[in-house]
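Laboratory data are not the source of any read-out in this text; all were calculated from the coordinates shown. Keep in mind that what you see is a predicted model, and the values were worked out from it rather than measured. Note: ideal-geometry Cβ built from the backbone for every residue, glycine included; neighbour counts use all protein chains shown.
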Amino acid sequence: KLCSASGHCVSYEELKDLKKNSIIHIDVRERWEIDRFGKIPESINIPLSELVEALQMSPGDFREQYQQKMPAKSDHVVFSCLAGVRSKQALDFAVSLGFS
């Protein structure tokens, strides 16, 4: 299960359905984890240690660094990691930066 700040959790199957719509999926695992375990299709890899800086970049710098459109503070964003601990931290960081 994947959970949000409001306590709403989604299953893997629900996430697959969400990804058919306009959500941004940010995988906060480290790059070595991506290399070892594989990339989740259509996700942006931003290691947790880079996330706060990444979410404060200019849209141009973000696109240059991550080859993706920067999420707007009003976009629907899903964070994931291996066990859920880092994705919860990522969600907390994003909320503290004004993401809804």
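List of remarks:
- Amide H contacts of N45 (H built 1.01 Å from N, under 5 Å, at least 5 apart or other chain): D27
- Under a model in which nothing but the beta-carbon of Lys, Arg (+1) and Asp, Glu (-1) is charged, the chain shows a dipole of about 180 debye around its Cα centre.
- Once the gyration tensor of the Cα atoms in the chain is diagonalised, the equivalent ellipsoid follows with semi-axes of 19, 16, 14 Å, ordered largest first.
- Fraction of beta bridges assigned by DSSP in the chain that are antiparallel (%, nearest 5): 20 percent
- Reachable aspartates and glutamates from K20, criterion Cα separation under 14 angstrom, eight or more residues apart if same chain: E42
- Excluding same-chain neighbours fewer than eight residues apart, the lysines reachable from K39 by a Cα-Cα span under 17 Å are K16, K19.
- For segment 18-57: rounded, prolate or oblate by the Cα gyration tensor [a/c cutoff 1.5]: oblate
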